[in-house]
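What follows is a short report on a single structure.
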Amino acid sequence: MSIWDQFFSWAAVPGHIAYTIIAISYLLTNIFWLRLAAVVGIGFEIVYFLISGSAVWPSIAWDSAFILINLVQLGILLRDRFSLKLSDDQKAFIKPIVGDLDKAQVAQLLRTAEWRTLPAGTVMTVEAEPVRELTFICQGQTEVRVKDQLVAHIGAGAFVGDVSFATGVTATATVTTDEAVRVLAFDQEKLKTLCKRDEQIAHALYRRIGGGLADKMRVATGRL
Ligand SMILES: Nc1ncnc2c1ncn2[C@@H]1O[C@@H]2COP(=O)(O)O[C@H]2[C@H]1O
């Protein structure tokens, strides 16, 4: 049989399906759908090996191992996805941070954080002291003081502690709540560990922090 006859034969159909799905999986950025596509694609590849009469047992054994690895990871992702229980308010608050992360990644991200309501007058960071948390303000207003001078007010949608999180330095300002403030407080250490493990989460978070710092700079220079 010529190469073309082989390529267009019925026996090659599962192979074409397998490699098309695997190629599509390379284009996916959502880890859940990527793994699912990989399992389906590799499954078709095994069928292809079996019906094409060229059962290559070492390849089938390796394919089975790849499917098993992906199924275990899919199980973990599904467990994380189902563990995510958020009110509509909470979903709206975190939307700017999580972007288009998978639900399982959002659940992992939220495991490093705590929802809190801080009463008026709460000191969130003290200038020149270490910062333990990266705090995202969901509702309410805070004041930012440097050397006891008021330099800014920051509110919903902004981070407090972003400079120390990104650079590892002590607090550049003292931040105090002006009123009751609803926050999502991330443990910096846990968050850094998660960012090392998952580049997509790190990318989404640092993009948001970068955008927030640019906004703060624009406000600060606009006042000059
Ligand atoms: N000029 C400013 N405008 C807005 N926010 C600021 C300003 N200076 C400091 N901050 C915030 O105050 C925080 C104090 O802790 P960090 O230095 O980690 O991160 C700082 C910023 O989140």
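The values are calculated or read from the model by the stated rules, or taken from the named source; none is laboratory data. Treat the numbers as computed from the prediction; the structure is a model and nothing was measured. Positions of Cβ are generated from backbone atoms using ideal geometry, with glycine treated the same way; all protein chains shown enter the neighbour counts.
Filtered by the rule that a residue be β-branched (Val, Ile, Thr) and assigned to a strand (DSSP E or B), region 117-145 gives THR117, VAL123, THR125, THR135, ILE137, THR142, VAL144.
Residues in region 88-98 include none that are assigned to a loop (DSSP other than H, G, I, E, B) and either under 25 Å from LEU205 (Cβ atoms) or not β-branched (Val, Ile, Thr) (or both). Among the conditions (1) surrounded by 20 or more Cβ atoms within 10 Å (Cβ to Cβ); (2) over 28 Å from ARG35 (Cα atoms), LEU101 misses just one, which is (2).
Of all residues in region 127-137, those that are surrounded by 21 or more Cβ atoms within 10 Å (Cβ to Cβ) and either outside the structural domain of LEU110 (by TED's automatic domain parsing) or not polar (S, T, N, Q) (or both) total 5. Filtered by the rule that a residue be near the ligand (Cβ under 9 Å from one of its atoms) and either of a type in the set (D, E, K, R) or not assigned by TED's automatic domain parsing to the domain that holds GLU189 (or both), region 146-173 gives a lone residue, ASP162.
Within the span defined as region 105-128, every residue fails to be out of contact with any strand residue (DSSP E or B) (no Cβ under 8 Å at 6 or more places or on another chain), in contact (Cβ under 8 Å) with a residue 12 or more places away in the chain, near the ligand (Cβ under 9 Å from one of its atoms) and more than 26 Å from GLU199 (Cβ to Cβ).
In summary, helices (runs of 4 or more DSSP H) completely within region 1-70 and bearing 2 or more residues that are under 30 Å from GLN200 (Cβ atoms) occur at 13-27, 31-51.
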